[in-house]
Amino acid sequence: MISFIAEHRDDLGVEPICKVLPIAQSTFYAHAAIARDPDLASDRAKRDAVLVPEIERVWEENNEVYGIRKVWHQAVQFNPANNQNPLSPVINGTSSKLSLV
């Protein structure tokens with residue numbers, strides 16, 4: 001939705017589009033601000049931006065058939081010294097995205 005609004009904002013305006021679509025204007029403007037200045041993103045979003053490519057790499061290297069659990073275990077094997085796997089919050093938060101990638 002954000003990209004649709006961005007594409008059509010000059011023709012239609014943000015407010016009329018947001019009235020029709022189920023999205024608040026403030027949500028669009030927040031995403032636009034983060035796109036302009038990535039430092040405005042939350043710490044979690046910044047960490048996810050670093051870790052998601054690693055998750056996708058592991059998934060792609062395994063023929064895109066690994067589920068969440070196997071991707072997590074494969075990622076742990078690369079760094080067994082960690083007591084807490086830094087990928088676990090990302091995997092938990094993107095479980096539905098792994099099957100769509």
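Pairing each residue of the stretch 43-61 that is in contact (Cβ under 8 Å) with a residue 12 or more places away in the chain and over 15 Å from Val76 (Cα atoms) with any residue that is acidic (Asp, Glu) and part of a helix (DSSP H, G or I), provided the two are 6+ apart or on different chains, yields no C-beta distance under 9 Å. Scanning the stretch 1-16 for residues that are part of a helix (DSSP H, G or I) and under 17 Å from the mean Cα position of the chain (by Cα) returns Ile2, Ser3. Under the condition of being under 14 Å from Glu54 (Cα atoms), surrounded by 10 or more Cβ atoms within 10 Å (Cβ to Cβ) and modelled with pLDDT under 80, the residues counted in the stretch 66-88 number 8.
The values are calculated or read from the model by the stated rules, or taken from the named source; none is laboratory data. In this text, all values refer to a predicted model and were calculated from it rather than measured experimentally. Glycine gets a Cβ as well: all are built from the backbone with ideal geometry, and neighbour counts include every protein chain shown.
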